[in-house]
1. Between ASP69 and ASP157, how high is the FRET efficiency from 1/(1 + (r/R0)^6) when r is the Cβ-Cβ distance and R₀ = 25 Å? Nearest 0.05.
2. Each label point is 7 Å from the Cα along the Cα-to-Cβ direction; what then is the distance between the points at ALA115 and CYS145, in nm?
3. Modelling each spin label as a point 7 Å along the Cα-to-Cβ direction, I'd like the LYS79/ASN46 distance in nm, to one decimal.
4. Once you order the gyration tensor axes a ≥ b ≥ c over the Cα atoms, which shape class does the stretch 129-190 get: rounded for a/c under 1.5, otherwise prolate or oblate by comparing a/b with b/c?
5. Two-decimal Rg/Rh of the chain from alpha-carbon positions, Kirkwood Rh?
6. For GLN96, put the label point 7 Å out on the Cα→Cβ axis and report which residues of the stretch 135-170 keep their amide N under 17 Å from it.
7. Please find the FRET efficiency linking ARG106 to GLU210, where r is the Cβ-Cβ separation and R0 is fixed at 35 Å, and quote it to the nearest 0.05.
8. Which distance in Å, rounded to a whole number, links the C-alpha centroids of the stretch 193-208 and the stretch 71-113?
Amino acid sequence: MTAAVAGLVLSLGMIAPSAMAVDPGAYDIDSASSLQVVVNKHRPLNPATYVPGQLVRVQGERLRAEAADAYKQLAKAAKAAGVNIMPISGYRSYSQQASLYDSYVRQYGQATADAIAARPGYSEHQTGLAMDIGNASGTCALQACFATTPAGKWAADHAAEHGFIIRYPAGAEATTGYTYEPWHLRYVGGRDIADAVTSEGTLEAFFDLEAAPDYLP
Ligand SMILES: [Zn+2]
């Protein structure tokens, strides 16, 4: 190694990870296949019937390969800390999402259905980058009280270390269009961007996008 290279390595090594700038403009948020794609009530997947190329099975659920690897690391780290995290729902196709959304509309009416589930073509689950998690015990599955359980607390504190964000945080309904979902993890490509998005609160805030509380007419 030359002295110049050694000097460069030394100076790069002195930049703390937290000080590493994450530039929102450097990411592709429009392509359905991008790890940073932003899907919300104003931003459907393009095409609406998008299917990810490489889906990998994780304990009965499916995720894109990159997200599956990160999820396995997350679950392993949780387990090492004594917390058993279980996957509840990963990839859902356009038609699976349509069935789910339609069943909620029939049960609760459209307004409530829109607050708790995406319309087909507008779901993060269709990207293969989202996983709903639960406790092995099933306690508070898909309920706000999940946040107070061991898996919920662990995920809130450590998901970003594995490249995931809590996509629908508490108090962000006017931005995301969804009520608090402490169980819905979204892979965003790595720890640096996950930390940066988490400190901004939402993908919409991080990428300086308009709030998307409702579908456009
Ligand atoms: Zn979800």
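None of the figures in this text is laboratory data; all of them are computed from the coordinates on show. Being a predicted model, the structure only gives us computed values, none of them experimental. Here Cβ is always computed from backbone atoms with ideal geometry, including for glycine, and neighbour counts include all displayed protein chains.
1. Calculated transfer efficiency: 0.75.
2. Distance between the two pseudo-spin positions: 1.9 nm.
3. The two pseudo-label positions are separated by 4.1 nm.
4. Taking the square roots of the gyration eigenvalues as a ≥ b ≥ c, the stretch 129-190 is oblate.
5. Radius of gyration over Kirkwood radius for the chain works out to 1.00.
6. Those under the cut-off are 142.
7. 0.70
8. First find each Cα centre; the distance between them is then 21 Å.
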